[in-house]
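A.B. asks: This structure is in structure tokens; I'll ask about it shortly.
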Amino acid sequence: MKNYKNKKTEIPEEFEKAPEIKRREFLIRAAKALGCTVAAGSLAYLFYDPEGPPAISKQTRLVSLPDFSLSHIRPSMAIVRGTDDRKKALETALNALGGIEKFIEKGDRVLLKVNAAFASPPALSATTHPDLVSATARLCFAAGAESVTVTDNPINDPATCFLLSGIEKAALSEGAKLILPRENLFHPTTVKDAKLIRQWPLLYAPFDGITKVIGMAPVKDHHRSGASMTMKNWYGLLGGRRNIFHQDVHGVIEELAVMVSPTLVILDGIWTMMTNGPTGGSLSDLKQTHTMIVSTDQVAADAFGATLLEKSLENFPHILKAQDRGVGTADFNSINLIQINAG
Amino acid sequence: MKKNNFGQLEEETNAKTNSPGALETILSYLILFTLAVIAVGVYWYHLDFNPAVKALENIRQTPQIAFVLEKQETDSPLVPPDKFSIFSPPETFDRLTLSDKIDGKAELYLPAGFENLFAQRLTPIDNSDVWYEVFIYDMGNTLNAFAVYSAQRRDGSESEALAEFAYSTENAFFWVHGPYYGEIIASQVSGQTREHLLLLAEAFNDQNPVSTETIAEIDLFPKEGLIKYSVRFIPTNAFGFEGLDRIFSARYRFENHELTAFISRRSSSEKASEKAEDFVQFLITYGGTDVSEKMDGPDGKMVDFFGTFNGVFTAGDYLAGVYDANNQEDANRLLQLIYEKLQE
């Protein structure tokens, strides 16, 4: 091979005829190509998951929710009647129970489990009313809560549900966090002595670091279970094809009540959906019942809610089943019951 | 700039040295082709992007302003009338997914022959603060549509002239149109709500012509004591008895007592008799007492079921009776009225 370095003015004849690549340049190019290939391969390897996302049924790490109830407080329930102002009714009920500070302490991280099941407007009372969400979040922060998180796994598209129900705006306006369900937020759970909720996906991640849980539900008729109140509201923590449980809806509500031990439940009976639940649709499905219930006992709250639906407990086997499991008592007169007329 | 002949020569030299060979050219084109295929693939995939998310983004970006499409993206049974635009994309649900839309209420529709549901929110062009959600349930036939319509009939609501079975409430419109059961629900009530509800329902009916079907059994119920709009069609599991299907029922009020009449046409008089006997046995099995000696009028059987009187008889292919009467006098009175009506 000729040394062209010293030939500064001549055009090598070889280039004119046959522009061949030189070995040195070939090696440089090959090295670059190899470098690119290795870099791309390494990057791909970095992202490569040889197992892929595990099926929920194959996951072995079962989770369960801690007990968020306050054992040092005797079971109590406040019923406020005679007002349609949810904020006022809530504050009155909580004050009757000793104030929000009795339940929420400084530094608490509170989770509000709302009912955002449907993408319907607040006026239809098919979902937790946004005024109640904002009032509760505000009270929690006022009591010193470090954070307030609002979540649910709705039946309809989650983003649309939170948006159109007004819950998103209510939560965010008070500085609460909104967690919409995503697949990676679910972990399998098995409820103690359960026949139905076994290795079933639970919306678990929003509970991470949570110290207090408040369930918030409207009083509604339900075509299958007879009623949708605070215990049925936990249905929104399940994932998967949970509608299969409708075949034994009272059984699954009983297990849900065992699964979650909340700090408080708030049952909104300002308006009650008397018929055509759980979706309703017509304002004529609703009855103004002017009542707000705040309780440490979810069974007692639902038992009282049954009276707003003008039905007896025999119509709601899940309430009696939950009582039999020791979740609470359907005899709400037997607990610390405070009734206030705020009218 | 000083002209450097040497440099020019060297650049040309390098250019020639770097000129790609045929193999390099082919490989380059292959790579470019592959990248183009990937780009087309990505584009194609995102053509099918979840429309609900797109619509939601529009709603978020323009609060209180409706999501407007030039035209429907799917084969919709309802093209919005002129005064309306689309608020959210259309949704459809089948038997497997119905509960994703209406949860536990699916159990009402599925046994009644539900086939599919179309749902969409529309908004008036001049008031995007309000939206109307239209639900169109395809129930397969008029009788099935009447079943779900009548099961949810709101007490005290006014009938509408749009269809034989139609009524409205303060914020909603409900009607049967051929095999379709429709609901339109307003997000809030305004002065224009009723006008808008009617416009949308009429638009659907106009766009979906059907042959008119009547339900003859409704006229078989005697008028005396009949509570207005109380006639129902129960496709399965009537009165808690799994074997009692295809039943028409109606509520009656005599003085201050309410009771239920029922009529069902079976395939033959023998089948009607068998079904009547099955129902009587069902009541007796669950604690009822045969008190047929107290039944006057039509030839049949009466069961005292924990203080309520239930009478059953047959007339040709018809099975008929009274359910849940507080006293035997009312039960017998209604049984006689039904019997006479069936003889007409």
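A.B. asks: Where a ≥ b ≥ c are the square roots of the eigenvalues of the C-alpha gyration tensor, would you call segment B:66-208 rounded, which needs a/c under 1.5, or, failing that, prolate if a/b is larger than b/c, or oblate?
C.D. replies: It is oblate, given that a/c is not under 1.5 and a/b is not larger than b/c.
A.B. asks: Okay, moving on. At a temperature of 10 °C and a viscosity of 1.306 mPa s, determine how fast segment B:140-184 diffuses translationally according to Stokes-Einstein, using the Kirkwood radius over alpha-carbon pairs as Rh; express D in µm²/s, rounded to the nearest whole number. The partial results should precede the final answer.
C.D. replies: Values: Rh = 10.3 Å.
Estimated via Stokes-Einstein, D reaches 154 µm²/s.
A.B. asks: Then there is this: When Cβ neighbours within 10 Å are restricted to other protein chains, what is their mean count per residue of peptide A:279-292?
C.D. replies: Across the residues of A:279-292, the mean count of other-chain Cβ atoms within 10 Å is 4.
A.B. asks: Segment A:53-154: which trypsin sites (Lys or Arg not before Pro) are DSSP loop and have at most 11 other beta-carbon atoms within 10 angstrom?
C.D. replies: Hits after loop and neighbour filter: A:ARG61, A:LYS106.
A.B. asks: Compute the helix-to-body angle for B:328-343: its Cα long axis versus the longest principal axis of chain B, expressed 0 to 90° and rounded to tens.
C.D. replies: Taking Cα atoms only, the helix is inclined about 70 degrees.
A.B. asks: OK, next. Within a Cβ distance under 14 Å of B:ALA216, other residues only, what is the Lys/Arg minus Asp/Glu net charge?
C.D. replies: That works out to -3.
A.B. asks: Equivalent ellipsoid semi-axes for segment A:249-329, as square roots of 5 times the alpha carbon gyration tensor eigenvalues: give them largest first, rounded to whole Å.
C.D. replies: 23, 14, 11
A.B. asks: Here is a follow-up. By count of other Cβ within 10 Å, fewest leading, how are B:LEU197, B:LEU226 ordered?
C.D. replies: With the sparsest Cβ surroundings first, the list reads B:LEU226, B:LEU197.
A.B. asks: Which percent of Cα pairs goes in each bin when the distances of the protein assembly as shown are cut into 20 angstrom slices starting at zero?
C.D. replies: In order of increasing distance, the bins hold 15, 38, 27, 11, 6, 2, 0 percent.
A.B. asks: Under the definition of partner shielding as Cβ atoms of other protein chains within 10 Å of a residue Cβ, what is the mean value for peptide A:236-249?
C.D. replies: Taking the mean over all residues of the peptide, I get 2.
A.B. asks: How shielded is B:92-103 by partner chains, expressed as the average number of their Cβ atoms within 10 Å of its Cβ atoms?
C.D. replies: For this peptide, the per-residue mean of nearby foreign Cβ atoms is 4.
A.B. asks: Moving to a separate point now. What ranking of A:THR291, A:THR83 emerges when the number of other C-beta atoms within 10 Å of each C-beta is taken as an exposure proxy, fewest first? Mind dumping the intermediate values first?
C.D. replies: Values: A:THR291 26, A:THR83 18.
In order of increasing Cβ crowding within 10 Å: A:THR83, A:THR291.
A.B. asks: Dipole of segment A:63-341, Cα-centred, from +1 at each Lys and Arg C-beta and -1 at each Asp and Glu C-beta, to the nearest 20 debye? The partial results should precede the final answer.
C.D. replies: Numbers: 26 positive and 28 negative charges, 36 e Å.
Value, rounded to 20: 180 debye.
A.B. asks: Binning every alpha carbon pair distance of chain B at 10 Å from zero, what are the percents per bin?
C.D. replies: Percent of Cα pairs in each bin: 5, 19, 22, 16, 12, 9, 5, 4, 3, 2, 2, 1, 0.
A.B. asks: Using a cut-off of 14 Å between beta-carbons, work out the net charge of the residues near B:MET295 (Lys and Arg +1, Asp and Glu -1, B:MET295 not included).
C.D. replies: Surrounding charge for B:MET295 is -4.
A.B. asks: So what is the diffusion coefficient of segment A:178-231 in µm² per second by Stokes-Einstein at 25 °C and 0.890 mPa s, using a Kirkwood Rh over Cα pairs?
C.D. replies: Diffusion coefficient, whole number: 181 µm²/s.
A.B. asks: Related question: Classify segment A:59-124 as rounded, prolate or oblate from the Cα gyration tensor: take a ≥ b ≥ c as the square roots of its eigenvalues, call it rounded if a/c is under 1.5, otherwise prolate when a/b beats b/c and oblate if not. Display every interim value, and only then the final one.
C.D. replies: Details: a/c = 2.41, a/b = 1.19, b/c = 2.03.
Judged from the Cα gyration tensor, segment A:59-124 comes out oblate (a/c at least 1.5, b/c at or above a/b).
A.B. asks: Take B:ASP317, B:ASP103, B:ASP82 and order them by how many other Cβ atoms sit within 10 Å, fewest up front.
C.D. replies: B:ASP82, B:ASP317, B:ASP103
A.B. asks: Students often get this wrong, so check it: of A:LYS113/A:LYS177; A:LYS192/A:LYS212; A:LYS88/A:LYS311; A:LYS113/A:LYS212; A:LYS220/A:LYS287, which have C-alpha atoms separated by over 18 Å?
C.D. replies: Table pairs above 18 Å Cα-Cα are A:LYS192/A:LYS212; A:LYS88/A:LYS311.
A.B. asks: Take the alpha-carbon positions of segment A:63-341, form their convex hull, and give its projected area averaged over all directions (one quarter of the hull surface) in nm².
C.D. replies: Projected area, direction-averaged: 12.4 nm².
A.B. asks: Separate question: When Lys and Arg each count +1 and Asp and Glu each count -1, what net charge do the other residues less than 9 Å away from A:GLY280, Cβ to Cβ, add up to?
C.D. replies: Values: positive: A:LYS220; negative: A:ASP221, A:ASP285.
Combined, the nearby Lys, Arg, Asp and Glu give -1.
Quick note: the coordinates plus some simple rules give every number you see, no bench work behind them. Since the model is a prediction, treat every value here as computed from it, not as a measurement. So basically every Cβ, Gly included, is an ideal-geometry build from the backbone, and we count neighbours across all protein chains shown.
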